[in-house]
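Okay, structure first, notes after.
The values are calculated or read from the model by the stated rules, or taken from the named source; none is laboratory data. Computed from a predicted model, the values in this text were never measured in an experiment. Please note: Cβ atoms are built from the backbone with ideal geometry, for glycine as well, and neighbour counts cover all protein chains shown. Note: accessible area is taken over every heavy atom of the protein model, side chains too, but ligands, DNA and RNA are not part of it. Shrake-Rupley method; radii C 1.70, N 1.55, O 1.52, S 1.80 Å.
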Amino acid sequence: MRRAGLIPRGAGAAASLALLLAAGAAQAGERAWTRDWVSQGLQAQGRAVAVLYAPGPRDPAVPDSARITRVYASRDYDSSARISTRLCWGSEKGPCVPLEGRSIETGLLRGRAARGPLLLVHRVEGWGGGHPPVFVRGTVTVWFDDGQP
């Protein structure tokens, strides 16, 4: 005998599966491209070095209509220098999002063209015992919705 308001045995699992399938369907058109690059050497304190990231020939096709849903960016370097990094869309002028620490995942660039370009803009804020040149390895992954089912 079932009481009102209770879910029959097994129905909870079916409902959970239905929610998972619906969430998957909402992201069915989502794809991604990733690029890894190393910057040219940072030589001077306060002078920005920008590295351009865009989809390549081995990435999924990125139609003009494709829009960013989220972006992941990371950076790594072997130096005691203090380096600030911004993730920018379109140009060094942005819009930009600062990386706090080594990486960021953000939806703040959502809706912008997925082809980008995106840039990681690095700047030495202080040498802290390090010395030039400093090379920064960066990774950018762009998830986008291409409008396809």
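Key figures for this structure:
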{"read-out": "For region 81-149, size of Cβ-based charge dipole, Lys and Arg +1, Asp and Glu -1, in debye", "value": "160"}
{"read-out": "Projected area, mean over directions - region 104-149, Cα convex hull, nm²", "value": "4.8"}
{"read-out": "In Å², nearest 10: area of ARG31 left accessible to a 1.4 Å probe", "value": "100"}
{"read-out": "Average accessible surface area per residue within region 56-109, 1.4 Å rolling probe, Å²", "value": "58"}
{"read-out": "Hydrodynamic radius (Kirkwood) for region 55-149, which is based on Cα pairs only, to one decimal in Å", "value": "14.3"}
{"read-out": "Apportionment of accessible area to carbon and sulfur, region 19-149, percent (1.4 Å)", "value": "51"}
